[in-house]
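Notes to accompany the following structure.
The values are calculated or read from the model by the stated rules, or taken from the named source; none is laboratory data. Predicted, not measured: the structure shown is a model, and the values here were computed from it. A quick note on method: Cβ atoms are made from the backbone with ideal geometry, for glycine too, and the neighbour counts reach across all protein chains shown. Note: areas computed on protein heavy atoms with side chains; ligands, DNA, RNA excluded. Shrake-Rupley method; radii C 1.70, N 1.55, O 1.52, S 1.80 Å.
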Amino acid sequence: MKYTEDHEWLSLDGDIVTVGITEYAAQQLGDVVFVELPEVETQVAKGDEIVVIESVKAASDIVAPIEGEIVEVNEALVDNPALVNEDPTGEAWFFKIKIEDTAALDDFMDEDEYKDHIGE
Amino acid sequence: MADTAAAETLTELPLAGLHAGLGAKFVPFAGYAMPVQYAAGVMAEHLWTREKAGLFDVSHMGQVRLPKDALAALEGLIPADLLGLPEGRQRYGVFTNDAGGVLDDLMVAHRAGDVFVVVNAACKVQDLAHLRAHVAGVEEVTDRALLALQGPLAEAALAGLVPGVAAMRFMDVAVLEWDGCDLWISRSGYTGEDGFEISVPVERAEAFARALLADGRVAPIGLGARDSLRLEAGLPLYGQEMDQGISPVEAGQGWSIGKARRPGGARAGGFPGAGIILDQLERGAPRRRVGLRPEGRAPMRAGVTLHADADGPAIGHITSGGFGPSLGAPVALGLIDAGVPADATLYGDVRGKRLPAAQVPLPFVTPGYKR
């Protein structure tokens, strides 16, 4: 598992990257009440705001951590946004991106570096 | 996602240590470091308050004492019937300005020996100056914390410490003793539930709060749930539903203008902006406050523009909005042109999409006040 400074986790399987948010991010957000996902087959660039996530108190965005094509989104989050708080690193993945260059993942933090990043 | 860093110097609540020990997260609000939530989180705290009893620290609010004979002078600033307020009772009011807008909203309690007023934290400096300019003997109370205990089990929990509260009705005020100190208690609140607001000497506040929290029915509740609770209860927040450019009639608070202060009343007018406000009461205001239930799950937050159809111009905006935990759905308050039919579906512009929202009667939840 790799991590971004925006508190996303990335899991690579072949050329498909599954993206979610970390336990830390879910805690910071608080109770998630609404999730809006991107369309599948969308081409996204790194940094594009592609998911809207709203907690009881505020709205935030999740950005595409890497360039590629959205190949699948987790519709279960639309019906049950609370899943993000219950299982952020498992069932509550947000989207899957098909990427060209798997070596691009090397730029992200590993678990130890991410723990340092959030001061744990 | 990071916590907002406090650039300015924030004032700590007298009970900051207690909150921190209970796992509070703090946010800056009106110059204070306020507990926005505890470990349970906003949703759980909200639902707890609707089912049991929630303890809120609202010591940031302004507490002010005035001489007993100040009610007449206060009527010169507030369009409520204050001379008609019986001793032992509290009444809601607004400070108006010459343009018919609102400077702040407040509670006025007529007590045995004085008049006790509670104002919003963000306005208290201006409110005190405004009061001192027009009323003699204004004294800010700075040696007392203010707590609120809200929820259907609030009476049972508080009566365990202060039996006298069981005899109070909604908007009654009383001074009752707990463990040798005087508590200034009103049966009121800002959640739509039955409950009490309790002014307690600072040096006894932590012991009192701990005594309440020792009751398994009582949990600490942060500012986040306070906002979602008041939103579901359809209660306006100064700075959102009301401000210097929104009249009390537009904000749906015209009910607070007493009969005696209306045309034909014994003391009609006589407050700032009376001409405009009383005219609006008689003939209607240009805008009105509405309750909205957005379709779907997307919250409509403050600032979202409202439209009468899917592609027309704005006819108003959301003043407060979010997710209502008790309803399990988004809820919002809006200010719209008065000419829009009351049964029309409105459309909120959320991130460039026009999403439908139904106008519904307020409050969104049934109040639990003990009248």
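Only aspartates and glutamates eight or more places from B:K52 in sequence, or on another chain, were considered; those with a Cα closer than 19 Å are B:E155, B:E193, B:D194, B:E197, B:D215, B:D227, B:E232. Annotation: the antiparallel percentage among DSSP beta bridges lying fully within the protein assembly as shown is about 95. Accessible area ranking (1.4 Å probe, heavy atoms, ligands and nucleic acids excluded), largest first, for B:K353, B:K259: B:K259, B:K353.
If you average over every viewing direction, what projected area does the convex hull of the Cα atoms of segment B:155-240 give, in nm²? It would help to have the intermediate numbers written out before the result.
Numbers: hull surface 24.7 nm².
Orientation-averaged projected area of the Cα hull: 6.2 nm².
Distances between every pair of Cα atoms in segment B:68-211, grouped in 10 Å steps from 0 to the bin holding the largest one, split as 11, 40, 35, 13, 1 percent. A straight line joining the Cα centroids of segment A:17-79 and segment B:31-85 runs 38 Å.
If R₀ is 35 angstrom, what is the calculated FRET efficiency for the pair B:A207 and A:T89, using the beta carbon separation as r and rounding to 0.05? Show your work: numbers first, answer last.
Values: r = 42 Å, r/R0 = 1.21.
Calculated transfer efficiency: 0.25.
Take the Cα of B:K68, go 7 Å toward its beta carbon, and the backbone nitrogen atoms of segment B:91-123 under 20 Å from that spot belong to B:91, B:108-118.
Computing FRET efficiency as 1/(1 + (r/R0)^6) for A:D13 and A:E111, where r is the C-beta to C-beta distance and R0 is 30 Å, gives about 0.95.
If R₀ is 41 angstrom, what is the calculated FRET efficiency for the pair B:A136 and B:A338, using the beta carbon separation as r and rounding to 0.05? Intermediate values should be presented prior to the final figure.
On the way: r = 40 Å, r/R0 = 0.97.
The value I calculate is 0.55.
Entry note: the protein assembly as shown has Rg to Rh equal to 1.02, where both radii use alpha-carbon atoms and Rh is the Kirkwood radius.
Checking a compactness column here: for chain B, what do you get for Rg(Cα) / (2.2 N^0.38 Å), N being the number of residues? Before the final figure, lay out the partial values.
Numbers: Rg = 20.5 Å, N = 371, 2.2 N^0.38 = 20.8 Å.
In units of the 2.2 N^0.38 Å rule of thumb, it is 0.98.
Mean partner shielding of peptide A:56-62, defined as the number of other chain Cβ atoms within 10 Å of each residue Cβ, is 6.
Across all directions, the shadow cast by the convex hull of chain A built on its C-alpha atoms averages 6.7 square nanometres.
For segment B:183-200, 3J(HN,Hα) computed residue by residue from phi via the Karplus equation (6.51, -1.76, 1.60; θ = phi - 60°) reads 9, 9, 10, 10, 8, 6, x, 9, 10, x, 9, 4, x, 9, 10, 10, 8, 10 Hz, glycine and proline entered as x.
In a DSSP loop and with at most 12 other Cβ atoms within 10 Å, the GluC sites (Glu not before Pro) in segment A:1-98 are A:E5, A:E39, A:E41, A:E75.
So which trypsin sites (Lys or Arg not before Pro) in segment A:45-120 are both in a DSSP loop and have at most 14 other Cβ atoms within 10 Å of their Cβ?
The qualifying sites are A:K46.
Dividing the C-alpha radius of gyration of segment B:1-122 by 2.2 N^0.38 Å, with N its residue count, gives 1.32. Ignoring lysines fewer than eight residues from B:K124 along the same chain, the ones with Cα atoms less than 21 angstrom from its Cα are B:K68.
In percent, how large is the relative contact order of segment A:2-100, given Cα pairs closer than 8 Å and 6 or more residues apart? If you can, show how the numbers build up before the last one.
Working: 212 pairs, mean separation 32.3, N = 99.
Relative contact order, segment A:2-100: 33 percent.
Each residue of segment B:278-371 gets 114 Å³ once the volume of the Cα convex hull is shared out per residue. Among the lysines of chain A, pairs at least eight places apart or on separate chains and with Cα atoms under 21 Å apart come to 6.
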